[in-house]
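Undergrad: To start, I am sharing the structure in question, which I have written as structure tokens.
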There are 2 protein chains.
Amino acid sequence: MTTCVASSVDVALLGCGNVGTALARLAAQPSGPHLPVTITSALVRDPSRPRPLSPAARVTADARALFATQPAIVIELLGGTEPARPLLLEALGRRIPVVTANKSLLARHGSELRAAAAASSTPLLYEAAVVAGVPFLGTFARRPQAAAASGLVAIVNGTSNFVLTQAVAGASVTAAVTEAQRLGYAEPDPRNDLAGIDAAEKLAVLIQHFAHRAVHPDAIETRGIEAVSPAQLAHARELGGVIKPVVTADWSEGLTAFAAPAFVPAAHPLARVDGVENAVLLDTRHGRLLFQGPGAGPAVTAATVLDDVREIAAGSVAAGAGGLPAAEAAAPETEWLITIDAPRLPRPVDVADLLAAHGLFTRASSSRRTADGQDCQSFLTWRAIAPRVELALASLRLASGCTTAALRALEVPA
Amino acid sequence: MTTCVASSVDVALLGCGNVGTALARLAAQPSGPHLPVTITSALVRDPSRPRPLSPAARVTADARALFATQPAIVIELLGGTEPARPLLLEALGRRIPVVTANKSLLARHGSELRAAAAASSTPLLYEAAVVAGVPFLGTFARRPQAAAASGLVAIVNGTSNFVLTQAVAGASVTAAVTEAQRLGYAEPDPRNDLAGIDAAEKLAVLIQHFAHRAVHPDAIETRGIEAVSPAQLAHARELGGVIKPVVTADWSEGLTAFAAPAFVPAAHPLARVDGVENAVLLDTRHGRLLFQGPGAGPAVTAATVLDDVREIAAGSVAAGAGGLPAAEAAAPETEWLITIDAPRLPRPVDVADLLAAHGLFTRASSSRRTADGQDCQSFLTWRAIAPRVELALASLRLASGCTTAALRALEVPA
């Protein structure tokens with residue numbers, strides 16, 4: 001009789017960039033009481049480039065050669081939807097468990113991947129896709145009582161949070177982006193981060209995970225941090241808060257969501273999540289839970305991917321429930337921070353009157369002169385829908401010739 | 001051929017008080033896609049008392065009768081060490097998985113229970129034992145990369161945190177305790193909470209879980225919140241912080257720990273964990289992780305226990321690694337908040353000189369007159385060991401006739 005016991009967990013890497021390299025280094029460290037994880041193959045564009053993989057590893061540009069190594073687990077680190085999508089569908093079809101950190105792919109094709117995983121009873125883990133350094137997604141997938149949530153608000157893009165934190169401290173957005181790139185916090189091309197696209201994708205993944213609905217990220221109200229002005233940052237402070245790059249979703253009835261820089265009152269738990277930190281505040285049946293920590297970076301992403309591999313290798317991960325119903329996310333009714341710039345401003349009381357005539361009632365206001373000698377007023381309003389705000393601002397511009405801008409405002413949780 | 005498929009998860013309750021009652025109610029709700037959890041037996045002192053259990057459930061004062069029902073999982077909600085300890089050892093010996101919320105038992109006999117669980121390859125879960133409403137312990141047990149931590153600081157006793165939060169807002173400690181009892185946050189006998197014993201027990205469980213060492217809770221430096229004076233609360237605010245009931249442990253080299261009210265600077269993530277909220281800040285290899293949420297209460301504890309049952313029923317929980325080495329926890333070197341009361345105080349500069357002569361160097365100070373006309377000075381010092389502080393305060397009392405007190409002070413994490 002021959003007994004076969006695996007002496008290592010053989011994994012195939014799809015992609016071997018920064019995270020793949022960090023993962024190879026981490027997997028090469030002593031694994032203590034756990035089976036070693038061995039990268040036995042890697043799919044790359046250029047197999048001739050040197051990589052920190054074992055000479056025994058099959059490094060190839062050919063997916064068939066990769067699957068021929070019969071990996072126990074496929075780790076997807078390609079990013080983007082093609083060719084990641086067909087490759088993961090093939091892996092799941094072959095009953096090979098998948099670990100991915102790819103929020104773009106999950107956001108756009110998560111339902112299809114979940115359906116494929118369920119159809120073949122194969123695990124699909126993605127802890128590193130959102131708030132990469134803090135394990136919480138897998139936890140809630142196993143715990144239905146804890147996961148009975150009705151909404152969330154979060155900071156999920158570290159680059160945007162770093163840039164706004166620096167801007168609050170006086171830096172220009174451009175300088176802060178350069179600094180983020182120098183520190184390795186921002187991609188060489190940071191447009192997806194700064195335009196809110198990365199955040200909207202992560203929000204779509206969170207909505208899939210907690211609300212069990214598939215919302216296309218392009219259909220979520222999304223704004224980037226580029227449009228945030230120094231005057232808005234200063235006014236936010238005077239009105240007792242700070243501007244943060246937030247995402248929110250609520251599914252207590254219907255589904256509302258947005259991904260945008262917003263005014264966050266100082267007493268809100270997200271107001272002090274600074275720099276590259278990420279955080280998720282989840283409204284559950286049994287209270288409000290906060291998970292906070294590092295959101296990205298090759299080392300922490302690789303560590304989280306490796307933990308997903310460990311969980312699958314321990315046989316402790318069940319396949320999910322399958323595809324998700326498609327849903328629309330409406331823009332919510334929120335409070336607003338409205339700022340008005342002009343060489344010569346109308347009286348604040350007249351502005352408040354005009355806003356009120358459009359159903360926008362002010363709860364706080366502040367006035368100041370900016371560094372370049374312009375006057376600027378700002379108003380924090382009670383809740384209103386976006387079209388009301390747009391109409392009010394258009395009237396105001398028409399009546400006074402002012403420049404106007406509006407950001408959504410969070411409320412302090414009860 | 002007969003196929004046997006379980007149609008429910010049959011559990012035995014050890015104890016059926018507040019949490020057991022909440023659990024029975026929760027388990028009776030529709031279970032969605034999950035198998036129903038059925039309480040088939042309960043061990044209670046007085047079986048004749050009415051309880052919200054099915055008439056089919058075996059309610060008994062006899063442990064043998066309970067085990068005779070052949071439960072799939074035993075849930076321990078007795079509290080205390082006897083008879084919980086022998087009953088759980090018996091369950092694990094019979095290879096019956098155990099869920100417990102009993103921090104006293106785990107703190108004092110956790111190593112023995114872990115050894116028994118490992119010996120019979122049987123799961124032992126205790127997510128509700130520390131920060132009952134926030135799932136994180138099981139998560140780290142599965143994820144070795146994330147769990148590579150070197151220290152933690154936490155607020156784990158909601159009653160003490162509620163009382164100090166109320167006291168900061170002006171209430172007396174006695175009034176705050178009464179209010180906590182009225183709201184159901186404090187036990188009818190809150191001594192274990194107020195004296196720091198509950199916190200020290202939870203700290204011992206956290207040290208087992210993350211540092212893999214067994215420290216007896218009685219051997220951890222422990223102070224309760226009763227000794228915190230209104231003057232200390234006021235001085236903490238003037239020195240830019242707040243007094244919180246914290247526990248800390250560090251095992252980056254050796255092991256240090258304490259459970260005591262401490263000065264927490266405003267910029268520390270724990271400074272704004274208010275009311276009955278709990279939080280754990282974990283120093284990991286890949287960054288600092290914060291988990292925050294409700295810490296206790298029958299409903300949330302029952303929900304967490306039920307999720308532990310679900311995880312075991314899903315077959316996704318491995319047995320642990322076994323018993324733990326016994327360890328001593330030394331008192332750490334920390335910063336200190338020193339307060340000095342007297343009808344007539346020495347000059348602050350003379351106090352600072354005397355403290356400095358004992359190696360206690362002040363980094364901030366404040367003076368004020370209390371409501372009863374006494375003068376009070378306070379000093380925030382740089383790091384020092386406790387014996388140095390005791391000696392300095394003794395000298396000060398001798399030289400000036402002052403009343404003195406000292407609390408440890410946390411530093412803002414780098």
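Values in this text are rule-based calculations from the coordinates and carry no lab data. Since we're looking at a predicted model, the values are computed, not measured. Neighbour counts run over all protein chains shown; Cβ positions are idealised from the backbone, glycine included.
Undergrad: Just the Cα atoms of the range B:255-400: what Rg and Dmax do they give in Å?
TA: Values for the range B:255-400 (Cα only, Rg and Dmax): 22.2, 68 Å.
Undergrad: Could I ask something else about it? Viscosity 1.002 mPa s, temperature 20 °C: what is the translational diffusion coefficient of the range A:139-269 from Stokes-Einstein with a Kirkwood Rh over Cα pairs, rounded to a whole number of µm²/s?
TA: 138
Undergrad: Restricting everything to alpha-carbon atoms, can you work out Rg to Rh for the range A:1-157 with a Kirkwood hydrodynamic radius?
TA: Computed over Cα atoms, the ratio is 0.98.
Undergrad: OK, next. Rounded to whole Å and sorted largest first, what semi-axes of the equivalent ellipsoid does the C-alpha gyration tensor of the range B:276-347 yield via the square root of 5 times each eigenvalue?
TA: That gives 41, 21, 14 Å for the three semi-axes.
Undergrad: Another question, then. Taking each label point as 7 Å beyond Cα in the direction of the beta carbon, state the distances from A:ASP353 to the same residue in the other copies, shortest first, in nm.
TA: 6.8
Undergrad: Using the Cα centre of the range B:13-163 as the reference point, and only Cβ charges (+1 on K/R, -1 on D/E), how large is the resulting charge dipole? Debye, rounded to the nearest 20.
TA: 120
Undergrad: Then there is this: Taking A:ARG191 in one copy and the same position in all the others, each labelled 7 Å out along Cα→Cβ, what are the pairwise distances from the first, in nm, shortest first?
TA: 7.0
Undergrad: At each listed q (0.14, 0.26, 0.28 Å⁻¹), what is the log10 of I(q)/I(0) that the Debye formula gives for the range A:70-115 modelled as equal alpha-carbon point scatterers?
TA: Debye output, listed in q order: -0.26, -0.94, -1.08.
Undergrad: Using per-residue counts of other Cβ atoms within 10 Å, averaged over each peptide, order A:164-174, A:211-221 from highest down.
TA: Those peptides, ordered most packed to least, come out A:211-221, A:164-174.
Undergrad: Using only Cα atoms, tell me the angle between helix B:298-313 and the longest principal axis of chain B; keep it within 0 to 90° and round to the nearest 10.
TA: 50
Undergrad: May I ask you to work out the translational diffusion coefficient for chain A at 10 °C, viscosity 1.306 mPa s, via Stokes-Einstein with Rh from the Kirkwood sum over Cα pairs, reported in whole µm²/s?
TA: 70
Undergrad: Count of lysine pairs in the protein assembly as shown with Cα atoms under 19 Å apart, counting only pairs 8 or more residues apart in sequence or on different chains?
TA: Close lysine pairs found across the protein assembly as shown: 4.
Undergrad: Can you find, among A:LEU203, A:PRO230, B:LEU183, the residue sitting farthest towards the positive end of the charge dipole of the protein assembly as shown, where Lys and Arg contribute +1 and Asp and Glu -1 at Cβ?
TA: A:LEU203
Undergrad: Using the Cα atoms of the range B:35-125 to build a convex hull, what is its mean projected area in square nanometres?
TA: Average projection, Cα convex hull of the range B:35-125: 6.1 nm².
Undergrad: Specify the angular offset, from 0 to 90 degrees and rounded to the nearest 10, of the alpha carbon long axis of helix B:18-27 from the longest principal axis of the alpha carbons in chain B.
TA: Value to nearest ten degrees: 50.
Undergrad: Per-residue Cβ counts within 10 Å, from other chains only, averaged over B:145-152: what number is that?
TA: 3
Undergrad: Related question: If I fit a long axis through the Cα atoms of helix B:173-182 and take the longest principal axis of the Cα atoms of chain B, what angle between them do I get, 0 to 90°, rounded to 10?
TA: Approximately 20 degrees, to the nearest 10.
Undergrad: Right, something else. With every atom except the alpha carbons ignored, what do you get for Rg and Dmax of the protein assembly as shown, in angstroms?
TA: Cα radius of gyration and Dmax of the protein assembly as shown are 28.6, 92 Å respectively.
Undergrad: In the neighborhood of B:ALA147, defined by Cβ-to-Cβ distances under 10 Å, what is the net charge if each Lys or Arg adds +1 and each Asp or Glu adds -1?
TA: Summing Lys/Arg as +1 and Asp/Glu as -1 gives +2.
Undergrad: Can I ask one more? Taking each residue of B:290-296 in turn, how many C-beta atoms of other protein chains fall within 10 Å of its C-beta, and what is the average?
TA: Per residue, the average neighbour count from other chains is 6.
Undergrad: Translational D (Stokes-Einstein, µm²/s) of the range B:72-181 at 37 °C and 0.692 mPa s when Rh comes from the Kirkwood sum over C-alpha pairs?
TA: On the way: Rh = 16.0 Å.
Answer, rounded: 205 µm²/s.
Undergrad: On to the next question. Using Cα centres only, tell me the gap between the range B:317-341 and the range B:17-76 in whole Å.
TA: Cα centres, the range B:317-341 to the range B:17-76: 36 Å.
Undergrad: At B:TRP382, with labels set 7 Å past Cα in the Cβ direction, how many nm apart are the copies from this one, shortest first?
TA: Nearest first, the other copies' label points are 5.5 nm away.
Undergrad: Where does chain A land at 222 nm, in deg cm²/dmol rounded to the nearest 500, when only DSSP H runs of n ≥ 4 count, each adding -39500 (n - 2.57), divided by all residues?
TA: Counting only the DSSP helices, I get -10000 deg cm²/dmol.
Undergrad: So, with +1 on the Cβ of K and R and -1 on the Cβ of D and E, and no other charges, what is the size of the charge dipole of the protein assembly as shown about its Cα centre, to the nearest 20 debye? Walk me through the numbers on the way to the answer.
TA: On the way: 68 positive and 72 negative charges, 136 e Å.
Around 660 debye, computed over the protein assembly as shown.
Undergrad: Using a simple charge model, +1 on the beta-carbon of Lys and Arg, -1 on the beta-carbon of Asp and Glu, nothing else, what dipole does the range B:340-391 show about its Cα centre, in debye to the nearest 20?
TA: Numbers: 7 positive and 6 negative charges, 37 e Å.
Rounded to the nearest 20 debye, it is 180 debye.
Undergrad: Oh, and also: Based only on the alpha carbon positions, what is the Kirkwood hydrodynamic radius of the range A:335-406, in angstrom?
TA: 11.9
Undergrad: Something else about it: Which value in Å is the Kirkwood Rh of the range A:309-358 over different Cα pairs?
TA: 17.2
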